[in-house]
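Trainee: Sending over a structure as structure tokens; questions will come in a sec.
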Amino acid sequence: MYFDIFHSPIGKLTLVCTNQGLTNIYFGEVEKNFTKKSDHPILLETKKQLNLYFEKKLMEFDIPLVLQGTPFQKLVWNSLRKIPYGQKLTYGKVAKLIGNPKGVRAVGGANNKNPIPIIIPCHRVIGKDGSLVGYAGGLEIKKFLLTLENF
């Protein structure tokens, strides 16, 4: 696994990939047993696209992803990728979209385990009353991302 650190407006992000695609984005500088710090083409493209996103010049990411999780988690994560830039959905709406209207808590659990935040936009999922609830990077970062996307 290859990694690099990306300096963003929300702080350092640790980007991790294999030769097949991006596997993780961690908030902060994370030290794990990654193979080596690298200028791997997938990491370079991820940094380029993240820069464009933070400059409000990119609304949809086009990076190969390698998702590691349960079939349900992957279903949720793939549905999150369909939430358009600048829009929000409730956990309940996401549960309905994946065909499991009673799975609101399970959707929340899958969001919590999202390995590739920002690119898989779990920040676009909100509480049924419109409140900002739960985000691995913290609610301030979630608020920042939502504000960034709303011109």
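The values are calculated or read from the model by the stated rules, or taken from the named source; none is laboratory data. This one's a predicted model, so the numbers in the text were calculated from it and none came from an experiment. Using ideal geometry, Cβ is built from the backbone for each residue, glycine included, and neighbour counts are taken over all protein chains shown. Keep in mind that these areas ignore ligands, DNA and RNA; they rest on the heavy atoms of the full protein, side chains included. Shrake-Rupley method; radii C 1.70, N 1.55, O 1.52, S 1.80 Å.
Trainee: Residue-wise, which Karplus ³J(HN,Hα) couplings in Hz belong to region 15-28, taking 6.51 cos²θ - 1.76 cosθ + 1.60, θ = phi - 60°, and x for glycine or proline?
Mentor: Working through the residues one at a time gives 9, 10, 9, 10, 5, 8, x, 6, 10, 8, 10, 9, 6, x Hz.
Trainee: Over 18 Å between Cα atoms, which of 88/142; 37/142; 32/143; 36/74 qualify? Don't skip to the end; give the middle numbers.
Mentor: Numbers: 88/142 12 Å; 37/142 27 Å; 32/143 28 Å; 36/74 27 Å.
Over 18 Å Cα-Cα: 37/142; 32/143; 36/74.
Trainee: Per DSSP helix of 4 or more residues, -39500 (n - 2.57); summed, then divided by the residues of the chain. What does that give at 222 nm, rounded to the nearest 500?
Mentor: Calculated at 222 nm, the ellipticity per residue is -10000 deg cm²/dmol.
Trainee: Sticking with this structure for a sec: Suppose every Lys and Arg Cβ carries +1 and every Asp and Glu Cβ carries -1, with no other charges. What dipole size does the chain come out with about its Cα centre, to the nearest 20 debye?
Mentor: 560 debye
Trainee: Angle, helix 139-149 long axis vs. longest principal axis of the chain, Cα atoms, 0 to 90°, nearest 10?
Mentor: Value to nearest ten degrees: 90.
Trainee: With unit charges on the beta carbon (Lys/Arg positive, Asp/Glu negative), name the residue among 131, 27, 119 whose Cα is farthest towards the positive pole of the charge dipole of the chain.
Mentor: Value: 131.
Trainee: Amide H neighbours of residue 65 under 5 Å, counting only residues 5+ apart in sequence or on other chains, H built in-plane at 1.01 Å?
Mentor: 22
Trainee: Hey, for a label at residue 32 modelled as a point 7 Å past Cα toward Cβ, could you say which residues of region 111-146 have their backbone N under 11 Å away?
Mentor: Residues 115-116 fall inside that zone.
Trainee: Mind jotting down a quarter of the surface of the convex hull over the alpha carbons of region 106-151, in square nanometres, one decimal?
Mentor: The number I arrive at for region 106-151 is 3.2 nm².
Trainee: About the Cα centre of region 71-149, how large is the charge dipole given +1 on each Lys and Arg Cβ and -1 on each Asp and Glu Cβ? Please answer in debye to the nearest 20.
Mentor: So the dipole magnitude of region 71-149 works out to roughly 280 debye.
Trainee: Just the C-alpha atoms of the chain: what Rg/Rh do they give, with Rh taken as the Kirkwood radius?
Mentor: Radius of gyration relative to Kirkwood radius: 0.95.
Trainee: Helix 41-54 sits at what angle to the longest principal axis of the chain, using alpha carbons and giving 0 to 90 degrees rounded to 10?
Mentor: 50 degrees
Trainee: Still on this structure: At a 1.4 Å probe, what is the % contribution of carbon and sulfur to the accessible area of region 2-55?
Mentor: Of all accessible area on region 2-55, carbon and sulfur atoms account for 46 percent.
Trainee: Please work out the average accessible area per residue across the chain, using the 1.4 Å probe convention, and give it in Å².
Mentor: About 54 Å² of surface per residue is accessible.
Trainee: Another question, then. Tell me the angle of helix 71-80 to the major Cα principal axis of the chain, expressed in degrees between 0 and 90 and rounded to the nearest ten.
Mentor: Roughly 90 degrees between the two axes.
Trainee: If you don't mind, there's one more thing I want to ask. Compute the distance in nm between two label points, each set 7 Å from the Cα along the Cα-to-Cβ direction, one at residue 52 and one at residue 6.
Mentor: 1.2 nm
Trainee: Heavy atoms only, probe 1.4 Å: what % of the accessible area of region 62-151 goes to carbon and sulfur, would you let me know?
Mentor: Here it works out to 55 percent.
Trainee: Longest span of the chain, sites excluded, free of trypsin sites (Lys or Arg not before Pro) in DSSP loop with at most 10 other C-beta atoms within 10 Å? Don't skip to the end; give the middle numbers.
Mentor: Numbers: sites that count: 32, 57, 82, 102.
Longest site-free region, per DSSP loop and neighbour criteria: 103-151.
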